[in-house]
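Notes follow once the structure below has been shown.
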Amino acid sequence: MTKILYLFFWCCLPFLSVQTLAETFVDNPDVKTFTAKLVAEDGFSQQQLDEWFGQVRYQASIIEAFNRPKETTSSYKSYKPMFVSPETMARGKAFAETYRVALTRAEYVYGVPAEVILAVIAIESRFGRTMGGYRVFDALATTGFYYPRRADYFQKELREFLLISRDQKIDPFSVKGSYAGAMGYPQFMPSSFRAYAVDFDFDDHIDIWDNPVDAIGSIANYFKVHGWTKDALVAVKASVSGDQYDSLIADSMKLGATVEEVINSGWKLEQDIADKQQQTIPFKVETDAGMEYWVGLKNFYVITRYNHSRLYALTVHHLGLEFQSLFGQ
C-alpha cells in the first residue's frame, strides 16, 4: 500500500498547484534536514532559509525534461553543424573584437589559447545569448527534493549556490540558468563556480552572468587547473590500416595507449608527435565524408573534463581552429 501511494504521489506531482508545492518545500522533511545542516555547518539563518524556501517554486517542466528520453547525437556530422557555422563565426568575430584584451590576457596568464576559450563560450551559451531562463534556486530545489535519482547531487549543488549567493551578495532569486542549474556565459554548475570562477577584472566581485571578462578568466582557469598544457596539441587526425587499429578504440574518455602503441597498431598520424610515450585517446567519428580517425592528446582529455563528450571536445578543437585567424594566427 505504501509503495502504491508513493508511486501515486510521483505521478501526480507535476499537476499539483503552485501554492501546494510552495508549502511542500517548506514542510518537506528533506528540506528541513537540508536547512538545519546549512545552519549548523555554514552559519546560515534558519529564518532566512525558511523565507527563501517559502518563495521557491516547483518547476514541473524540469522534471519532465529529466524524465524525457535523451536525444543523443552519435555522429559528428550531425553535431558539428550545430556550433560550427557562418553565424557562429560572425558572432565570434564580434565578441573577440570587444573582449580581445581579456582573451589575450587569459591566454598569457593561464596558457589556454584565446580561440579555445572563445570556442567554449560559443558552444556553451552562444556568446551569452542562451544562458537559460529558469531561476537557479527553483531548478536546483526542484531536482534536489523532487527528483530522487539525482537528489544528492542537486542538493549539494543547491548548497554551493546558496554559498555563492551569500559570498557574492547576490539575490538568489535573481540568478537565471539552465534547467539543470548551469549558469552564465560558461554554464558553470555552482560547484564549478566556487572551485574555478575568478575575478578577472579585479572589481572584488565574480560575475559570470553579466561580465564576460570574468567568464573568460574562469574558463581559462578551469582548463589550467585540469591540466591544460601550454602550446601542446589537442588532437591529431590519422589514417588507419591493418587489422589491429580498431582494438584501440574504446568508449572510455580516459587516456590510454601511448603514441608509440597507436602507431604500431596501424595509425598513421598527419602530424608528428615528438613524445611517443604520452598517452592518447584514439577514436573515430562519422562525418559527411565518411569515417574520420583521431588521436586525442592530454589537452583533448582536459576539454572532456568540461563536458564529458568526445564530440564536444572535437567541436571545441575545430571551432578553435576556425577562430585562430581572429588572433593573427
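From the list Phe145, Phe173, which one is more than 20 Å from the chain's Cα centre (by Cα) and surrounded by 22 or more Cβ atoms within 10 Å (Cβ to Cβ)? Residue meeting the stated conditions: Phe145. For segment 261-283, check the following and say yes or no: at least one residue is without any contact (Cβ under 8 Å) to a residue 60 or more places away in the chain, surrounded by fewer than 17 Cβ atoms within 10 Å (Cβ to Cβ), of a type in the set (Ser, Thr, Tyr) and not in a helix (DSSP H, G or I). No, every residue in segment 261-283 fails to be without any contact (Cβ under 8 Å) to a residue 60 or more places away in the chain, surrounded by fewer than 17 Cβ atoms within 10 Å (Cβ to Cβ), of a type in the set (Ser, Thr, Tyr) and not in a helix (DSSP H, G or I).
Applying the condition of being exposed (fewer than 14 other Cβ atoms within 10 Å of the Cβ) and not basic (Lys, Arg) to segment 105-134 and asking which residue is nearest to Val213 (Cα to Cα) yields Tyr108.
Restricting attention to segment 94-104, the residues that are surrounded by 14 or more Cβ atoms within 10 Å (Cβ to Cβ) and more than 15 Å from Asp201 (Cα to Cα) total 2.
Table: residues versus (1) exposed (fewer than 12 other Cβ atoms within 10 Å of the Cβ); (2) in a strand (DSSP E or B); (3) at pLDDT 95 or above; (4) in contact with an Asp or Glu (Cβ under 8 Å, 6 or more places away or on another chain).
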position: Phe223; (1), (2), (3), (4): no, no, yes, no
position: Gly227; (1), (2), (3), (4): yes, no, yes, no
position: Asp231; (1), (2), (3), (4): yes, no, yes, no
position: Gly242; (1), (2), (3), (4): yes, no, no, no
position: Ala250; (1), (2), (3), (4): no, no, no, no
position: Met253; (1), (2), (3), (4): no, no, no, no
position: Gly256; (1), (2), (3), (4): no, no, no, no
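The condition of being in contact with a strand residue (DSSP E or B) (Cβ under 7 Å, 6 or more places away or on another chain), under 30 Å from Leu103 (Cα atoms) and not in a loop (DSSP other than H, G, I, E, B) holds for only one of Phe300, Phe323, that being Phe300. Candidates Asp204, Asp214: the one that is of a type outside the set (Gly, Ala, Ser) and surrounded by fewer than 23 Cβ atoms within 10 Å (Cβ to Cβ) is Asp204. In segment 76-90, the residues that are part of a helix (DSSP H, G or I) form Cβ pairs under 6 Å with partners that are of a type in the set (Gly, Ala, Ser) and surrounded by 14 or more Cβ atoms within 10 Å (Cβ to Cβ), at six or more places apart or across chains, as follows: Thr88/Ala122.
Okay, residues lined up against (1) assigned to a loop (DSSP other than H, G, I, E, B); (2) out of contact with any Leu (no Cβ under 7 Å at 6 or more places or on another chain); (3) closer than 21 Å to Tyr312 by Cα:
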{"site": "Val116", "(1), (2), (3)": "no, yes, yes"}
{"site": "Leu140", "(1), (2), (3)": "no, no, no"}
{"site": "Arg194", "(1), (2), (3)": "no, no, no"}
{"site": "Asp201", "(1), (2), (3)": "yes, yes, no"}
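Taking only segment 142-177 into account, find how many residues are more than 13 Å from Gln59 (Cα to Cα) and either assigned to a loop (DSSP other than H, G, I, E, B) or in contact with a Cys (Cβ under 7 Å, 6 or more places away or on another chain) (or both). Counting residues in segment 142-177 that are more than 13 Å from Gln59 (Cα to Cα) and either assigned to a loop (DSSP other than H, G, I, E, B) or in contact with a Cys (Cβ under 7 Å, 6 or more places away or on another chain) (or both) gives 8.
The values are calculated or read from the model by the stated rules, or taken from the named source; none is laboratory data. Note that the structure is predicted; figures quoted are calculated from it, not measured. Backbone-built Cβ (ideal geometry, glycine too); neighbour counts: all protein chains shown.
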